[in-house]
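Working notes, beginning with the structure itself.
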Amino acid sequence: MSKIAVYTTDPCGYCRQAKALLAKRGLDYEEINLAKDGAGRAELAARTGMMTFPQVLVDGELIGGFTELYAADQSGRLAELLAA
């Protein structure tokens with residue numbers, strides 16, 4: 001089973017939307033809230049090159065934020081990644 005990690009912060013409307021999309025699809029995910037974790041934010045930026053939230057990874061592969069997650073869901077790419 002694929003592992004989905006969602007890096008979030010508070011408050012974040014796009015984070016809520018990403019989690020809602022995953023929940024709607026019945027997908028389990030690990031939420032890592034970096035609202036008060038400066039070191040965690042720096043680590044995420046170093047790992048993904050991104051400074052925005054949310055950041056969604058499937059088995060360590062960066063999908064991106066909510067817009068990219070939504071596009072991956074609509075195109076079938078998310079299902080492909082989860083099936084691999």
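Every number here is computed from the coordinates shown, using simple stated rules; none is lab data. Since this is a predicted model, take the numbers as computed values, not measurements. Neighbour counts run over all protein chains shown; Cβ positions are idealised from the backbone, glycine included.
Dipole orientation for the chain: of the candidates L81, L21, V6, L21 has the Cα lying most toward the positive pole (charges on Cβ; Lys, Arg +1; Asp, Glu -1).
In this simple spin-label model, placing a label point 7 Å from the Cα along the Cα-to-Cβ direction at both Q17 and A83 gives a separation of 2.7 nm.
When both bridge partners sit in the chain, DSSP labels roughly 65% of those beta bridges antiparallel. Charge dipole of segment 1-72 (Cα centre as origin; +1 on each Lys and Arg Cβ, -1 on each Asp and Glu Cβ, all else neutral): 180 debye, rounded to the nearest 20. Extent of the chain along its three principal axes (Cα atoms, max minus min coordinate, largest first): 33, 23, 20 Å. Can you give the angle from 0 to 90° between the axis of helix 13-24 and the longest principal axis of the chain, with both taken from C-alpha atoms, to the nearest 10? Tilt relative to the chain: about 30 degrees.
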